[in-house]
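Trainee: Okay, handing you the structure first.
The values are calculated or read from the model by the stated rules, or taken from the named source; none is laboratory data. Just so it is clear, the structure is predicted and the values come from calculations on it, not from any experiment. In this analysis, Cβ positions are derived from the backbone assuming ideal geometry, glycine residues included, and neighbour counts consider all displayed protein chains. Each accessible area value is taken on the protein alone, full model and side chains, heavy atoms only, with ligands, DNA and RNA left out. Shrake-Rupley method; radii C 1.70, N 1.55, O 1.52, S 1.80 Å.
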Amino acid sequence: MAVKEHQPSASPASTAASAPRRSDGTRTAILAAARERFAADGYERATIRAIAKDAQIDPSMVMRYYGSKEGLFAAVLDVDLRMPDPAGLDMHDAGRVLVSHFLDLWEENEVLTAILRVGVTNQAGAERMQAIFRDQLAPFAVRACPDPEQAPARAALCSSQLLGLALARYILRFGPAVALSRGEIVAWLGPTVQRYLTAPNP
């Protein structure tokens, strides 16, 4: 007769360690479902119940983690662009670096793409996207441009190229834009972004 191996019960420490992992997974599922739902339905029509159903959890869990639809929406639109440190860059190469960086951001995961979809369908989402690019891209532009007072306008012009690329390639999926290789995109857009950052004021 085989002896059944004893399976030790989980220690309190291991149980505690697994709790944050479960919590992180739940939050990730909620945010992913919320991004899709806000993008598809807009803020007003999206409901906590629908988001919870998409995430395959109880609606009470959404409220537990985010408190309200407003809190969830704010969490959906909270993103760090992880901008490269301008202090360590050759500003004559800034355009290429920025385009390469944003290609990494768009292609690493779908979070920024989903947020852009929310931004083009919802006024609050658009305002949040404006704030993200203003607050995180403008300091880079200040360091690069010849006149710091022009940094907001230059950052906005850079944003128009970067967001336009994302819209055409990842959301609207224009065939020629999708077909471009990474090197081709950097070669085309890098000099344009560089000009926006460092060229004399026209």
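Trainee: Which condition from (1) modelled with pLDDT of 85 or more; (2) under 23 Å from the mean Cα position of the chain (by Cα) is the one that Asp58 breaks?
Mentor: All conditions are met except number (2).
Trainee: Here's something else I'd like to know. Just one of the numbered conditions (1) surrounded by 15 or more Cβ atoms within 10 Å (Cβ to Cβ); (2) in contact (Cβ under 8 Å) with a residue 24 or more places away in the chain; (3) farther than 30 Å from Glu36 by Cβ is not true of Ala151; which one?
Mentor: Unmet for Ala151, out of (1) surrounded by 15 or more Cβ atoms within 10 Å (Cβ to Cβ); (2) in contact (Cβ under 8 Å) with a residue 24 or more places away in the chain; (3) farther than 30 Å from Glu36 by Cβ: (2).
Trainee: So if I check each of Ala39, Ala74, Ala33, which one is over 23 Å from Leu189 (Cα atoms), surrounded by 14 or more Cβ atoms within 10 Å (Cβ to Cβ), modelled with pLDDT of 90 or more and within 19 Å of the chain's Cα centre (by Cα)?
Mentor: Only one candidate passes the filter, namely Ala33.
Trainee: Restricting to segment 92-101, name every residue that is closer than 14 Å to Ala141 by Cβ, among the hydrophobic types (A, V, I, L, M, F, W, C) and either in contact (Cβ under 8 Å) with a residue 24 or more places away in the chain or in contact with a His (Cβ under 7 Å, 6 or more places away or on another chain) (or both).
Mentor: The answer is Ala94, Leu98.
Trainee: Would you please list the contacts, defined by Cβ atoms under 7 Å and residues six or more apart or on different chains, that run from a residue in segment 42-68 that is in a loop (DSSP other than H, G, I, E, B) to a residue that is open to solvent by 40 Å² or more (accessible area, probe 1.4 Å)?
Mentor: So the pair list comes out as Ala46/Arg37.
Trainee: With respect to Leu81, is the statement that it is assigned to a loop (DSSP other than H, G, I, E, B), open to solvent by less than 30 Å² (accessible area, probe 1.4 Å) and either among the hydrophobic types (A, V, I, L, M, F, W, C) or modelled with pLDDT under 90 (or both) true?
Mentor: Considered against the rule, which asks whether it is assigned to a loop (DSSP other than H, G, I, E, B), open to solvent by less than 30 Å² (accessible area, probe 1.4 Å) and either among the hydrophobic types (A, V, I, L, M, F, W, C) or modelled with pLDDT under 90 (or both), Leu81 comes out as yes.
Trainee: Sticking with this structure for a sec: Looking at segment 175-201 only, could you name the residues that are within 24 Å of Gln130 (Cβ to Cβ) and assigned to a loop (DSSP other than H, G, I, E, B)?
Mentor: Residues satisfying the conditions are Ala199, Asn201.
Trainee: Residues Leu163, Leu89, Leu180: which one is open to solvent by less than 70 Å² (accessible area, probe 1.4 Å), free of Cβ contacts under 8 Å to residues at least 60 places away in the same chain and within 15 Å of the chain's Cα centre (by Cα)? Write out each step before concluding.
Mentor: On the way: Leu89 fails: within 15 Å of the chain's Cα centre (by Cα); Leu180 fails: within 15 Å of the chain's Cα centre (by Cα).
After applying the criteria, what remains is Leu163.
Trainee: Return yes or no: is Leu98 part of a helix (DSSP H, G or I), open to solvent by less than 10 Å² (accessible area, probe 1.4 Å) and under 22 Å from Ala187 (Cα atoms)?
Mentor: Yes; evaluated as a whole, the condition is true for this residue.
Trainee: Of the conditions (1) touching a residue at least 24 places away in the same chain (Cβ under 8 Å); (2) in a helix (DSSP H, G or I); (3) touching a helix residue (DSSP H, G or I) at 6+ places or on another chain (Cβ under 8 Å); (4) not hydroxyl-bearing (Ser, Thr, Tyr), Gln136 satisfies every one except a single condition; which number is it?
Mentor: So the condition that Gln136 fails would be (3).
Trainee: So, one more: Looking only at segment 103-124, filter to residues that are open to solvent by 50 Å² or more (accessible area, probe 1.4 Å) and assigned to a helix (DSSP H, G or I); which one of those is nearest to Lys69 (Cα to Cα)?
Mentor: Gln123
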